[in-house]
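Scroll down for the structure; my scribbles are underneath it.
The values are calculated or read from the model by the stated rules, or taken from the named source; none is laboratory data. Everything quoted here is computed from the prediction, not taken from an experiment. Every residue, glycine among them, receives a Cβ derived from its backbone with ideal geometry; neighbour counts consider all protein chains shown. Only protein heavy atoms, including side chains, enter the accessible area calculation; ligands, DNA and RNA are left aside. Shrake-Rupley method; radii C 1.70, N 1.55, O 1.52, S 1.80 Å.
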Amino acid sequence: MRSLNSLTAINFYHHKYLCPATYKEEPEQPLAQSFLQASETAEETRCSMCWADLLLLPAAPYRLAAFPFAALFHHLCATGHLSLTARYIFLLAGGCLLAGTAMGSYAVLLLIPAAGSVLVLLSVSPAHAHTWVFALQMSWQTLCHLGLSRQELNLQDARPAITLSTIMLLTQKATSLGLDIHEGVVLLQQGQGLLQRVLPLCSYLLFFPALLGGPLCSFSRFRAQVESSEALPCRLRAVGQRCLCALALQGLRAGLAAGLAGRQGCAGLGCLPCLWAQALLLRLAYYMHWVLDEALLEAAGFGPEAGQGDLSLHDLWMLETTHRLAVFARTWNKSTSRWLRRLVFQRCPAQPLLATFAFSAWWHGLRPGQVFGFLCWAVMVEADYRIHPFLSARATSQSVKLLYRGTTWVFTQLIVAYILVAVETESFSMLCLLWTSCNSILPLSYGLTLMLLLLVKKPKQN
């Protein structure tokens, strides 16, 4: 679940990929009706504009520009040319500079909650730190989502979309730090001077390698990595491997996009293979985004621990080969999944799964597609938990097991495609078009099967 993150959310399907043949070879109609349909089509094209075009491509130059500074920071640390205070100042100044360059005047919307969170953490007792930080961050983020909902779709200005994505990442870090303080994992020492207490907090919330993306890093690990100095050649090798992986993913995505563009028979949302291909474009975009983010962190010396990043070769294989939707949900954007589990799932007394996905929709912005997609995802995961034990118990022979795994893999791929396209749909009319298409048959079947299993199980429990 990222919780399609943090970035959050990426939607790559252009109108030519969605419905290249939908408006072809239609019977003649009155001029006014044709003009009305053309206007509606143009509006749907604009509203279905995806975050990938706004986040990945415009933000890529800023990420690439940050690589030399990340490598410089790590080199200066490794050679002992930066004191501990200078390291924190370097990271914080780099974050402020990157925010101002990438977001312009919108960077104020990021600096205000960051400063507010630091002020709250220093002035509120540890028992109430998480509550106050959570309320501050989510209130501010919701206001920003409401205020920038129109501007973020502007093709000429990607700064609002980048700003919203960065604020979402700030919410992750601030609430994670608030929980650490609330649970006693992090102690803010009162005997230190104000600068020694404020500087690490501000640097953690705004340090430039993780400002625009990357897996969530705890404050304790961040502070330990700042104070350490590791050998640079090992990091450069990891950076090179991740950059090569990103290049390979980009090649796959470009080839798939070219194949979709040249396919004239695609019926858009009404075509199962085309919907799956569009969702694969989305997933490849996410994968490339996460690999680049982790490469930047590696260049600065903040690489994630083994198994703690958002994407590894094992994770990529798991995501694309699993026949369990629940396994996909746990593996997808793992750092955000762990954050949601800790923040919501483990703290919710009733219906934690539904509450987790509902909060994820709120965190992403509460657009109609996001609300529908995440609630659908919650129902599908709950159905997955109940359907697969029922089916696997009846798959006794090897041939039946192969049939079971192959069929459920196809179902998982199609349901994931349906959810991704729903979450990334910006237009309510496009969401209705998706809901009324044949692609809804499989999710509806899973939902009905879940209801039947619940009705059968309830009398046995009684």
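Taking first residues from segment 377-402 that are free of Cβ contacts under 8 Å to residues at least 12 places away in the same chain and partners that are among the hydroxyl-bearing types (Ser, Thr, Tyr), the Cβ contacts under 6 Å between residues at least 6 apart in sequence or on separate chains come to 395/404. Filtered by the rule that a residue be more than 19 Å from residue 61 (Cα to Cα) and open to solvent by 10 Å² or more (accessible area, probe 1.4 Å), segment 146-175 gives 146, 147, 148, 149, 150, 151, 153, 173.
Residue 150 passes every criterion in (1) out of contact with any Phe, Trp or Tyr (no Cβ under 7 Å at 6 or more places or on another chain); (2) closer than 28 Å to residue 370 by Cβ; (3) at pLDDT 95 or above apart from (3). Quick check, is residue 280 modelled with pLDDT of 90 or more and either of a type in the set (Phe, Trp, Tyr) or open to solvent by 10 Å² or more (accessible area, probe 1.4 Å) (or both)? For residue 280, the condition - modelled with pLDDT of 90 or more and either of a type in the set (Phe, Trp, Tyr) or open to solvent by 10 Å² or more (accessible area, probe 1.4 Å) (or both) - is met. Please work out if residue 361 is without any contact (Cβ under 8 Å) to a residue 60 or more places away in the chain, under 29 Å from residue 452 (Cα atoms) and in contact with a Lys or Arg (Cβ under 9 Å, 6 or more places away or on another chain). Considered against the rule, which asks whether it is without any contact (Cβ under 8 Å) to a residue 60 or more places away in the chain, under 29 Å from residue 452 (Cα atoms) and in contact with a Lys or Arg (Cβ under 9 Å, 6 or more places away or on another chain), residue 361 comes out as yes. Consider segment 38-88 and keep the residues that are at pLDDT 65 or above and farther than 24 Å from residue 239 by Cα. The one that is surrounded by the fewest Cβ atoms within 10 Å (Cβ to Cβ) is 83. Of everything in segment 196-214 that is more than 14 Å from residue 297 (Cβ to Cβ) and at pLDDT below 90, the residue that is farthest from the chain's Cα centre (by Cα) is 196.
Specify which of the listed residues (217, 144) is within 23 Å of the chain's Cα centre (by Cα) and not in a helix (DSSP H, G or I). Show your work before the answer.
Details: 144 fails: not in a helix (DSSP H, G or I).
From the options 217, 144, the qualifying one is 217.
Please indicate, with yes or no, whether at least one residue in segment 181-190 is assigned to a helix (DSSP H, G or I) and of a type outside the set (Asp, Glu). Looking for residues that are assigned to a helix (DSSP H, G or I) and of a type outside the set (Asp, Glu), one finds at least one in segment 181-190, hence yes.
Condition (residue is over 17 Å from the mean Cα position of the chain (by Cα), open to solvent by 30 Å² or more (accessible area, probe 1.4 Å), closer than 30 Å to residue 87 by Cα and of a type outside the set (A, V, I, L, M, F, W, C)) applied to segment 306-318: is it met by at least one residue? Yes. So is residue 114 at pLDDT 95 or above and assigned to a helix (DSSP H, G or I) or not? Yes: the conditions hold for residue 114.
Suppose we filter segment 340-371 for residues that are polar (S, T, N, Q) and surrounded by fewer than 16 Cβ atoms within 10 Å (Cβ to Cβ); how many remain? Reasoning before the result, please.
Step one: filter segment 340-371 for residues polar (S, T, N, Q), giving 346, 351, 356, 360, 370.
Checking which are surrounded by fewer than 16 Cβ atoms within 10 Å (Cβ to Cβ) leaves us with 346, 351.
The qualifying residues number 2.
Among the residues of segment 309-333, just one is assigned to a loop (DSSP other than H, G, I, E, B), touching a helix residue (DSSP H, G or I) at 6+ places or on another chain (Cβ under 7 Å) and polar (S, T, N, Q), namely 322. Would you confirm whether any residue within segment 83-106 is of a type outside the set (Val, Ile, Thr), over 25 Å from residue 339 (Cα atoms) and outside any helix (DSSP H, G or I)? Looking for residues that are of a type outside the set (Val, Ile, Thr), over 25 Å from residue 339 (Cα atoms) and outside any helix (DSSP H, G or I), one finds at least one in segment 83-106, hence yes. For residue 217, the conditions (1) open to solvent by less than 10 Å² (accessible area, probe 1.4 Å); (2) at pLDDT 80 or above are fulfilled apart from (1).
May I ask you to verify whether residue 358 is over 20 Å from residue 416 (Cβ atoms) and assigned to a helix (DSSP H, G or I)? No; evaluated as a whole, the condition is false for this residue.
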